[in-house]
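Undergrad: First the structure, then my questions, so here it is.
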Amino acid sequence: MTSSSYRPAIGIIVTNERGQVLIARRNDMDNQWQFPQGGIDPHETPHDAVLRELVEETGIDQNSVEILGNTQTYLKYDYPPSVMQELNVKKTWRFAGQQVQFFLMRYHGSDEDIDVQNVPKPEFDAWKWVDYWEPLSLIVGFKRDMYDRAMSELVSYLPFEAQ
């Protein structure tokens, strides 16, 4: 169930054949890494949104992934006051935070087919494969608990042992 003060969103954890996960660096913040994520449009299901956002943010063709699992509930985070102040100055945001349903995907394509910059509205300027738990040390602090909960729930869907 979603709450109107939180933006409904999806998070995407993409794994490769080597047991690593894809993480990308935001182009609007200094050295901030995260999983691809995005809002769920009013007419979309979370499943539809995750496939759309996958293409929009990474350039990965949805036919080159299989969904292994998803979190059973939405996981929330609140924006800290400094972020809220910036969003309020822009007058473009009306949410206290986001509630995110995470999807775990297995990527069967080539690294050359991942392009976070050659997409219609690039949000990232770089990407890399990292060990499964490494994003917890790279993510901005106010999202860390949500990432930990999502990754802990989804680790059982992995076809390999998480490093």
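Undergrad: Choose one answer from ASN118, ASN63, ASN16: the residue with the largest mean-square fluctuation in a GNM of the chain with alpha-carbon springs under 10 Å.
TA: Most flexible of the set in this elastic network: ASN63.
Undergrad: Same structure again: Counting pairs of alpha carbon atoms under 8 Å apart in space and at least six apart in sequence, what relative contact order in percent does the chain give? Walk me through the intermediate numbers first.
TA: Details: 300 pairs, mean separation 56.5, N = 163.
Value for the chain: 35 percent.
Undergrad: Here is a further query. Based on the Kirkwood radius over alpha-carbon pairs, what is the Stokes-Einstein translational diffusion coefficient of the chain at 10 °C with 1.306 mPa s viscosity, in µm²/s? Numbers along the way, then the final one.
TA: Numbers: Rh = 16.1 Å.
Approximately 99 µm²/s, per Stokes-Einstein.
Undergrad: Show that you can apply the helix-only estimate: for the chain, add -39,500 (n - 2.57) for every DSSP H stretch of four or more residues, divide by all residues, and state [θ] at 222 nm to the nearest 500. Numbers along the way, then the final one.
TA: On the way: 4 runs with 38 residues, N = 163.
About -6500 deg cm²/dmol.
Undergrad: Report the relative contact order of the range 26-72, percent, no decimals, based on alpha-carbon pairs under 8 angstrom and at least 6 residues apart.
TA: Numbers: 23 pairs, mean separation 11.5, N = 47.
Once divided by the residue count of the range 26-72, the mean separation gives 24 percent.
Undergrad: 5 Å is the cut-off here: which amide hydrogens, built 1.01 Å from N in the peptide plane, fall below it relative to GLY69, excluding neighbours closer than 5 in sequence?
TA: LEU104
Undergrad: Roughly how tilted is helix 46-58, in degrees to the nearest 10 and between 0 and 90, from the longest Cα axis of the chain?
TA: 80
Undergrad: In the Gaussian network model of the chain, springs joining C-alpha atoms below 10 Å, which of TYR79, TYR107, TYR132 carries the largest mean-square fluctuation?
TA: Comparing TYR79, TYR107, TYR132 in the GNM, the peak value goes to TYR79.
Undergrad: Which residue, ASP78, ASP28, ASP131, tops the fluctuation ranking in a GNM of the chain built on C-alpha contacts under 10 Å?
TA: Of ASP78, ASP28, ASP131, the most mobile in the Gaussian network model is ASP28.
Undergrad: Kindly provide log₁₀ I(q)/I(0) values, in the same order as q = 0.17, 0.18, 0.23 Å⁻¹, from the Debye equation applied to equal alpha-carbon scatterers of the range 1-47.
TA: Computed log10 I(q)/I(0) values: -0.68, -0.74, -0.93.
All of the numbers you see were taken from the coordinates with simple rules; none came from a lab. In this text, all values refer to a predicted model and were calculated from it rather than measured experimentally.
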